[in-house]
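The values are calculated or read from the model by the stated rules, or taken from the named source; none is laboratory data. What you see is a predicted model, and the numbers here were worked out from it, not measured in a lab. Reconstructed Cβ throughout: ideal geometry from the backbone, glycine too, with neighbour counts over all protein chains shown.
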Amino acid sequence: MNRGSGLLHVVKERKAFSTLVILFTLALGILIGTLVSRGVRAAQKQVKAADAQELEIPAPQQLSSAFSKITKELAPTVVNINTESTVRPQTQFRRRSPQGPQGQDPQGQGPQGQGPQGQGPQGQDPFGDFFQRFFDFGPGQSQQEFKQKSLGSGFIVDKNGYILTNNHVVNKADKIKVKLLNDPKLYDAKVIGTDSETDLAVIKIDTGHALPFARMGNSNGLDVGDWVLAIGSPFGLDETVTAGIISAKGRDLGGSQFQRFVQTDAAINPGNSGGPLVNMAGQVIGINTAIATETGSYAGVGFALPSNVAIGVYDQIIKSGKVTRGSIGVTFQADAGNSAVLLRSFGADHGVVITGVQDDGPASKAGLKQGDVIVSVNGQPVKDGDDLVAKVAATPVRRYGERSLHS
């Protein structure tokens, strides 16, 4: 009995061992099959991608290093401009008389007996009473003149100390002081000339030595999306650099017809006015001039006057101290003057249709009349009204030419 029981035990152990061997063999086969299958698939994929190029990790070139290089080059040419002007009040504030119904005083007249009822004397500031109470002016007492200080920016364009900035930075200033980078001295500046149409001014300082100056670029080469840097002194913080892109070109802000701005999202704030807008070649392609904002500070929309306009203004100012622009004495419709349908009706595919001609003006003397189409100026095609104005304005005064038009 014991012998039979032992034999049965041995058989069970051998059967268990055989089962384990079989399971191990199956597991090993599955593992090997899986590896082989993956290898085959990988080989198949490699075959399919045989025409692909391997990816390479480029050299670590950072955009920030380009910004840093440009800043080091341009920063010494950017200046801080401090101005002081005298504000002289033009109006004496007087308290209004007590008013009855409908804005009348007890005598049935408008305040002071002048002007429309309820509007005060003709020419009187409607907020005069407010300022009188706020500043505690007595009857008939005028506000005393006071000194007003302002800050702005500019940049050197000539080794002899000629500086480009905005006209509104130096306009009506009694004193203009210029601070250079890493120089504690404030230099007196004199105005060489200004141009209110483009809001540009040229000033000059004398340092007794040659100064570093910025290189001017061609703003016609700008494209929307190009990287730019704005350098200046926002809120009086010297040599502040901000980065952005060109957001748009040819922006008309409804001011002068000679101002078509470059729009950028580089941060521009009060104090940046007159500073340079610089491309990635380290060239000035704009003069920071204005911002669109509801708070008075940066809101992502800044405007710079194109460098090509600034160069033309600067060259005239240093030659004659003023800017003179050509004019031919014609009018046109800004929106419809270059309509394709209208132009085709006159037999032209481009140009501007004249809607009016000034009597005894250059155009009238040349024989131009209403309905003529100006297709070129000095051999250069005219695209639209702004283009016509720009080309005519850049033409020297008293220059004679030939007519080229469709009528």
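Candidates ASP188, ASP199: the one that is within 27 Å of LYS319 (Cβ to Cβ), acidic (Asp, Glu) and out of contact with any Lys or Arg (no Cβ under 8 Å at 6 or more places or on another chain) is ASP199. Flag not set for GLY255, criterion: on the phi > 0 side of the Ramachandran plot and small (Gly, Ala, Ser). Among residues belonging to region 148-191 that are assigned to a loop (DSSP other than H, G, I, E, B) and acidic (Asp, Glu), point out the one that is nearest to the chain's Cα centre (by Cα). Once the filter is applied, the top-ranked residue is ASP158. Count of region 319-352 residues, restricted to those that are among the small types (Gly, Ala, Ser), part of a loop (DSSP other than H, G, I, E, B) and at pLDDT below 80, is 8. Among residues belonging to region 288-317 that are in a loop (DSSP other than H, G, I, E, B) and closer than 13 Å to ALA266 by Cα, point out the one that is nearest to the chain's Cα centre (by Cα). The extreme case among them is VAL301. Among the residues making up region 279-305, those that are of a type outside the set (Gly, Ala, Ser) and surrounded by 24 or more Cβ atoms within 10 Å (Cβ to Cβ) are VAL284, ILE285, ILE287, ASN288, THR289, LEU305. When PRO381 is tested against the conditions (1) modelled with pLDDT of 80 or more; (2) touching a His at 6+ places or on another chain (Cβ under 8 Å); (3) surrounded by 15 or more Cβ atoms within 10 Å (Cβ to Cβ), the lone failure is (3). Kindly indicate whether ILE176 is modelled with pLDDT of 95 or more, more than 17 Å from ILE317 (Cα to Cα), surrounded by 21 or more Cβ atoms within 10 Å (Cβ to Cβ) and not assigned by TED's automatic domain parsing to the domain that holds ASP265. Yes.
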